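Novice: This is the structure I have questions about; it appears just below.
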Amino acid sequence: MSVTAITSDDKKTVDIHVAEQFDYSAHQSFREAYRFVDQPGTLFRVNLSKATYMDSSALGMILLLKEHADSLSGKVVLFQPNSAVNKILSIAKFDQFVSIEA
Amino acid sequence: MTTAEKLPSNPNLVLIADDMTLNQRLLEKMVTNMGLVAEFASNGFEAVEKYLAHRPSLILMDINMPEMGGVEATRQIKHLAADDFIPIIFVSGAEGQDIIRNAIDAGGDDFIQRPFPFELLEGKIVALRRIAELYQQVAELNQIRQDEVEVAEQLFSGAIESSNVGLDTIRMHKQPATTFSGDVQLTAYRPNGDLNILLGDFTGHGLTSTLGALPLAETFRAMTAKGYAAEEVIAQINAKLFRLLPTGLFLAVAVVTLEVDGTARIWNGGLPDVMVFSHGELVKRVSSSHPPLGILPQVNELSFEISNIQPEDHILMISDGVLEAENAEGDMFGEARMFAAITDPQYRNKYSLVDSVLTSLQHFVREFPQRDDISLIDIPGNSVQSEHSFTATSQLDINDNDSDELDIWDWGLELQGRSLARIDPVAQALSRLQESEGEGDHWHTVFSILTELYVNALDHGVLKLESSLKDSPEGFARYFSEREQRLETLSWGSVSLHVQHARLAAGGRVFIRIEDSGEGFDFQPWLNQENTYNIGIGALSGRGIELVSGLCESVEYSNHGATVEVVYVYSNA
């Protein structure tokens with residue numbers, strides 16, 4: 001699996017870790033990581049520290065996650081993108097609607 | 001019979017290849033009991049020949065035969081069958097793991113060693129025939145899919161990209177990763193001769209990524225043709241894509257408007273930097289300033305970069321597939337290599353800008369498979385030069401409207417305060433004219449007249465910008481940023497626009513009156529051609545009135561210059 005998800009004990013936070021190549025191949029497992037989470041107000045933390053590459057379909061997956069989080073009145077935070085991944089996020093101006101933390 | 005694909009497979013025929021007559025008889029009996037028909041070969045050569053002649057649906061193959069053995073025959077038959085699946089079961093008394101491995105390596109599908117119970121071989125035959133049938137179905141479905149994709153591809157390129165204009169100077173290159181590219185390249189003229197160029201990159205590639213391409217192209221073309229500015233075209237495309245595309249599918253896009261006077265207005269939403277090169281040197285880059293379209297319900301403030309482009313300059317737009325193209329070592333092509341190719345004099349003397357980049361890119365990736373669509377657009381600064389000239393003023397006499405039939409309509413609009421920053425009355429007026437009077441080249445001229453007069457009223461009358469600011473290239477940029485700023489905080493002033501159309505015997509007359517709330521200006525020197533140079537009008541300003549005077553039958557200023565009335569007459573070709 002290229003994506004792993006860990007739910008905190010209080011079920012309020014889901015940590016999603018993505019692998020080196022964050023692209024279409026992760027589509028299925030990324031979706032599986034959050035689709036059954038229905039706890040209102042859940043915080044989804046996408047840990048990008050391992051990702052060395054990210055393409056536009058990965059951006060699409062983040063939008064889908066955000067849609068899911070919004071429906072739960074939850075939140076999405078992107079964690080620790082490396083400089084290459086951060087560049088892609090900033091070209092797409094994702095900082096305008098998703099929190100990104102170093 | 002030279003090729004294997006001439007005959008369809010014979011569904012009930014089983015070929016038995018064995019040099020021993022006794023074995024042939026035993027296998028025939030079993031095959032016949034299964035309701036199938038047997039054909040025979042007694043060595044490898046014969047097996048290949050019989051395969052070609054009869055196209056059996058399955059082959060039972062002995063290993064040791066004279067002339068040519070079963071392993072070699074299998075290799076040849078599998079080669080001849082190419083994409084067709086012909087199941088081959090080795091039936092042999094020979095023992096040893098090497099033999100089995102060789103047989104399977106040669107293309108055999110199963111192996112059974114003598115002696116064996118008949119039920120076992122029967123089971124293998126039934127199972128393999130079932131697999132062959134599934135294989136056949138998959139192959140047929142795949143063929144249907146392939147055909148459909150090809151038809152759709154033709155439709156796509158025909159409908160979307162064949163209407164592009166300006167291709168005598170603009171160089172476009174597209175290299176899809178699959179049949180369908182997620183990249184879209186569009187160009188269209190505004191009625192005044194300005195050129196809008198769009199490079200878009202939909203999420204992913206292949207058929208699904210092109211779903212948005214049709215509405216994108218339609219919106220872009222229709223709105224550009226009606227004279228809308230790029231801001232409005234982009235906002236409309238965003239609204240349309242937001243409504244149509246599922247979450248996760250969106251469009252990274254950059255738009256360049258190259259205006260007739262050499263001004264380039266560049267906007268980037270999610271693509272790599274759009275770059276301007278002058279004599280091989282990078283002089284400007286426009287980075288993404290907005291999320292891709294189709295994500296947010298409406299666009300934020302759109303910030304355009306404005307620069308003055310010389311005829312010998314080049315604007316380069318690229319998709320991320322260019323920079324992210326990988327070679328076998330996993331390195332990416334990157335910006336540094338692209339610059340090297342563009343600035344290298346050796347390349348520059350030999351190739352165009354696009355070819356320089358492509359040649360270098362090709363050299364870099366070699367045979368390594370392409371993962372993303374690659375798109376490049378090179379817009380030379382001379383792309384909107386005089387070639388697209390205004391339609392000549394008509395020769396029709398205004399006074400020859402001696403017909404008694406009265407056919408006149410009026411339309412007007414007054415904008416006050418904030419609405420001046422929001423509404424484009426020129427596009428609305430033009431769309432009225434087109435809707436009521438049909439299509440025609442003369443509307444290009446009317447668009448130019450309306451635009452010049454309206455911009456004068458808004459810029460100088462309401463926003464009180466000094467035209468002389470535009471005398472130098474630096475002032476030129478300052479003029480536009482000042483304009484943006486004043487528009488943003490605008491809360492006073494008004495401009496009214498009145499259009500009257502009268503049908504004439506062989507054409508029409510358009511009367512336009514524009515009135516602004518400003519204090520007017522000293523218009524006399526501008527109308528007097530002889531004085532133009534005496535009062536020092538620079539190359540970058542004051543051409544508006546001159547242009548309008550050249551196009552219209554009459555131009556009259558009143559109210560100290562705050563009101564202008566013009567008459568334009570056209571004839572139906």
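Novice: Return the residues of region B:487-501 that are buried (at least 18 other Cβ atoms within 10 Å of the Cβ) and modelled with pLDDT of 90 or more; say none if nothing qualifies. First the steps, then the outcome.
Specialist: Going residue by residue through region B:487-501, those that are buried (at least 18 other Cβ atoms within 10 Å of the Cβ) are B:493, B:495, B:497, B:499, B:501.
Answer for region B:487-501, where residues must be buried (at least 18 other Cβ atoms within 10 Å of the Cβ) and modelled with pLDDT of 90 or more: B:495, B:497, B:499, B:501.
Novice: Something else about it: Determine which single condition residue B:131 fails, assuming it passes every other condition in (1) surrounded by 12 or more Cβ atoms within 10 Å (Cβ to Cβ); (2) over 24 Å from residue B:10 (Cα atoms).
Specialist: (2)
Novice: If a residue must be of a type outside the set (A, V, I, L, M, F, W, C), assigned to a helix (DSSP H, G or I) and within 14 Å of another protein chain (Cβ to nearest Cβ), how many such residues does region B:313-365 contain? Spell out the reasoning first.
Specialist: To start, the set of residues in region B:313-365 that are of a type outside the set (A, V, I, L, M, F, W, C) comprises B:313-314, B:319-321, B:324, B:326-327, B:329-331, B:334-335, B:337, B:343-352, B:355-356, B:359-360, B:362-363.
Subset that is assigned to a helix (DSSP H, G or I): B:320-321, B:334-335, B:337, B:343, B:345-350, B:355-356, B:359-360, B:362-363.
When the remaining residues are screened for being within 14 Å of another protein chain (Cβ to nearest Cβ), the result is B:320-321, B:334-335.
Total satisfying the criteria: 4.
Novice: Any idea which of B:284, B:240 is surrounded by 17 or more Cβ atoms within 10 Å (Cβ to Cβ), not in a strand (DSSP E or B) and not aromatic (Phe, Trp, Tyr)? Explain how you work it out, then say what you get.
Specialist: Details: B:284 fails: not in a strand (DSSP E or B).
Exactly one residue qualifies, and that residue is B:240.
Novice: Name, by its number, the condition in (1) at pLDDT 85 or above; (2) assigned to a loop (DSSP other than H, G, I, E, B); (3) within 21 Å of residue B:189 (Cβ to Cβ) that does not hold for residue B:368.
Specialist: Failed condition: (3).
Novice: Could you tell me which residue of region B:268-281 is farthest from residue B:341 (Cα to Cα), considering only residues that are crowded, with 23+ Cβ neighbours inside 10 Å and within 14 Å of chain A (Cβ to nearest Cβ)?
Specialist: Only one residue tops the list, namely B:269.
Novice: If I filter region A:38-46 for residues that are without any contact (Cβ under 8 Å) to a residue 40 or more places away in the chain, charged (D, E, K, R) and buried (at least 18 other Cβ atoms within 10 Å of the Cβ), do I get at least one hit? Full working, then the answer.
Specialist: Step one: list which residues in region A:38-46 are without any contact (Cβ under 8 Å) to a residue 40 or more places away in the chain, which gives A:38-46.
So of that shortlist, the ones also charged (D, E, K, R) come out as A:38, A:45.
Those left that are additionally buried (at least 18 other Cβ atoms within 10 Å of the Cβ): A:45.
Checking region A:38-46: at least one residue is without any contact (Cβ under 8 Å) to a residue 40 or more places away in the chain, charged (D, E, K, R) and buried (at least 18 other Cβ atoms within 10 Å of the Cβ).
Novice: Given the condition farther than 23 Å from residue B:134 by Cβ, among the basic types (Lys, Arg) and surrounded by 14 or more Cβ atoms within 10 Å (Cβ to Cβ), answer yes or no: does some residue in region B:45-64 qualify?
Specialist: Initial filter on region B:45-64 (farther than 23 Å from residue B:134 by Cβ): B:45-50, B:52-53, B:62-64.
Of the ones still in play, those that are also among the basic types (Lys, Arg) are B:50.
Narrowing further to those that are surrounded by 14 or more Cβ atoms within 10 Å (Cβ to Cβ): B:50.
Yes, that holds for at least one residue.
Novice: If we scan region B:247-260, do we find a residue that is out of contact with any Ser or Thr (no Cβ under 9 Å at 6 or more places or on another chain) and within 11 Å of another protein chain (Cβ to nearest Cβ)? Quick ask: steps written out before the conclusion?
Specialist: Filtering region B:247-260 for residues out of contact with any Ser or Thr (no Cβ under 9 Å at 6 or more places or on another chain) gives B:247, B:253, B:255-256, B:259.
Checking which are within 11 Å of another protein chain (Cβ to nearest Cβ) leaves us with B:247.
The answer is yes, given that some residue of region B:247-260 is out of contact with any Ser or Thr (no Cβ under 9 Å at 6 or more places or on another chain) and within 11 Å of another protein chain (Cβ to nearest Cβ).
Novice: Quickly run through region B:244-263 and pick out the residues that are crowded, with 22+ Cβ neighbours inside 10 Å, farther than 17 Å from residue A:56 by Cα and touching a helix residue (DSSP H, G or I) at 6+ places or on another chain (Cβ under 8 Å).
Specialist: B:255, B:257, B:258
Novice: Can residue B:306 be described as part of a helix (DSSP H, G or I), of a type in the set (Val, Ile, Thr), touching a residue at least 24 places away in the same chain (Cβ under 8 Å) and within 29 Å of residue B:454 (Cβ to Cβ)? Talk me through it step by step, then tell me what you get.
Specialist: On the way: part of a helix (DSSP H, G or I): no; of a type in the set (Val, Ile, Thr): yes; touching a residue at least 24 places away in the same chain (Cβ under 8 Å): yes; within 29 Å of residue B:454 (Cβ to Cβ): yes.
Taking the combined requirement at face value, the residue does not satisfy it.
Novice: Within region B:149-172, identify whether any single residue is out of contact with any Asp or Glu (no Cβ under 6 Å at 6 or more places or on another chain), of a type outside the set (S, T, N, Q) and part of a strand (DSSP E or B), and answer yes or no.
Specialist: Going through region B:149-172, the residues out of contact with any Asp or Glu (no Cβ under 6 Å at 6 or more places or on another chain) turn out to be B:149-170, B:172.
Going one step further and asking which of them are of a type outside the set (S, T, N, Q), we end up with B:149-153, B:155-156, B:158-161, B:165-168, B:170, B:172.
Subset that is part of a strand (DSSP E or B): B:172.
Scanning region B:149-172 turns up at least one residue that is out of contact with any Asp or Glu (no Cβ under 6 Å at 6 or more places or on another chain), of a type outside the set (S, T, N, Q) and part of a strand (DSSP E or B).
Novice: Got a number for residues in region B:157-211 being within 13 Å of the chain's Cα centre (by Cα) and among the aliphatic types (A, V, I, L, M)?
Specialist: So the answer is 11.
The values are calculated or read from the model by the stated rules, or taken from the named source; none is laboratory data. Because the structure is predicted, anything quoted here is derived from the model rather than measured. Here Cβ is always computed from backbone atoms with ideal geometry, including for glycine, and neighbour counts include all displayed protein chains.
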